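Okay, structure first, notes after.
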């Protein structure tokens, strides 16, 4: 067994891993990077980016259906799933090779294989022992195990994004952002789609009033959304699957050609053998201090989805990685400010959030004003015949501080960024109320959304 030593070992090859590895290498550190999957990480290969590539075609279908409903366009339009997958792969296929070339160019040793800790500062990979002064866990997240008989029959989100042909009947187990996004893609591509959510409240991290609007829009699309349905079993029946779910009135059995796990993700830690390195963890999460450092092994940091932080988002992975880099290179005791970071459910229309939910503001005892309405009659929605357009904005009384903004509708994913920028920059509601935006644009609606 061979052994090599470095200043830094990074486990993973996604956003957090790359920010850490490249910045430390630029500072002159010797760096090794390890990943058992193709280099690129979840966002570029198995998440955000390929998903948005598929959504591009569904946006055309959605627009055609909305405008066709009022007779402004005519004819027939459909998605060629195989061609759409080729379009997606034109982006994803080159990524691993490009990453590997970049590592070589910058002098980062890239190792293919599964990493496993063998000591406080050592890792085993493919028969080699790698040692380092510091190790950063940036291994991303993976689907949680669900207590379902026949769990092994569930396809993963990775599998959906790689489908060569779209099955006729699809069941999504879980009503989170993956479930709703995939449902919107598959339904507009021609599949019969059902979402089974075990609670009465899907998309729990988003404003429940706006989730209600999305729920109605999703059902109008033809997606069957069954709430309070907990999946108990999945059984293979020839070329199809039977899904058994429990609800208040008893058990129901549904049939599908594909059953997809959309019930949540957790830090990908299980295979790392954290105990061998004395790295504290509990309930599937690392125990980290405010500086993203292990509370029991000072040589180890974590960033991105693997850190188990409050917002498992690509921009947050970059923020956390920059904080880790500052702590590694300069011992700055850097922390991450999570203020004003937007998130989105890329359905059509898009559901977005930044800052506090109204329930969170109440729980904190904050005094605030709220402006909330469903406004399909506003020009932004009317011009594209979109029936689903709504908002909720919370502003603190006295200070004028924007506490939270929640949007659903056309261009919501862009407008929420302006609210996030205002919050992160300390701009008050009065300041953005007097901003001048191009008109007519969705951003020009902001003034009317403020309380």
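Derivation of every value follows stated rules applied to the coordinates shown; laboratory data play no part. Just so we're clear, the structure is a prediction, and the values are computed from it rather than from any experiment. Neighbour counts are summed over all protein chains in view; Cβ atoms, including those assigned to glycine, are modelled from backbone coordinates with ideal geometry.
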Across 10 Å bins beginning at 0, the whole-percent shares of Cα-Cα pair distances in the range 151-263 come to 14, 50, 31, 4, 0
Footprinting proxy, 201, 330: sorted fewest to most Cβ within 10 Å, the residues are 330, 201
Proxy exposure order for 9, 178 (fewest C-beta within 10 Å first) is 178, 9
Exposure proxy check on 48, 388: fewest-to-most Cβ neighbours within 10 Å is 48, 388
Calculated from DSSP helices alone, with each H run of at least 4 adding -39500 (n - 2.57) and the total divided by the residues of the chain, [θ]222 nm to the nearest 500 comes to -9500 deg cm²/dmol
Rg from C-alpha atoms of the range 89-239, normalised by the globular rule of thumb 2.2 N^0.38 Å, equals 1.39
In degrees rounded to 10, the 0-90 angle between helix 48-68 Cα long axis and the longest Cα principal axis of the chain is 10 degrees
Treating every alpha carbon of the range 187-334 as one equal point scatterer without solvent, the Debye formula yields log10 I(q)/I(0) values at q = 0.18 Å⁻¹ of -1.04
Square roots of five times the C-alpha gyration tensor eigenvalues of the range 200-242, ordered largest first and given in whole Å, equal 27, 14, 7
Computed over the range 1-137, the distribution of all Cα-Cα distances in 10 Å bins, rounded to whole %, is 11, 32, 23, 14, 11, 7, 2, 0
To the nearest 10 degrees, the tilt of helix 81-92 (Cα long axis) against the first principal axis of the alpha carbons of the chain is 40 degrees
Tilt, helix 208-220 to longest principal axis of the chain (alpha-carbon atoms), in degrees rounded to tens, equals 70 degrees
Checked against the structure, the computed Cα Rg over 2.2 N^0.38 Å among (i) 1.04; (ii) 1.58; (iii) 1.24 is the one labelled (i)
The correct pair for the range 343-449, radius of gyration to one decimal and Dmax as a whole number, both in Å and from Cα atoms, is 13.3, 40
Using alpha carbon centers only, the range 36-64 is separated from the range 224-303 by a whole-angstrom value of 22 Å
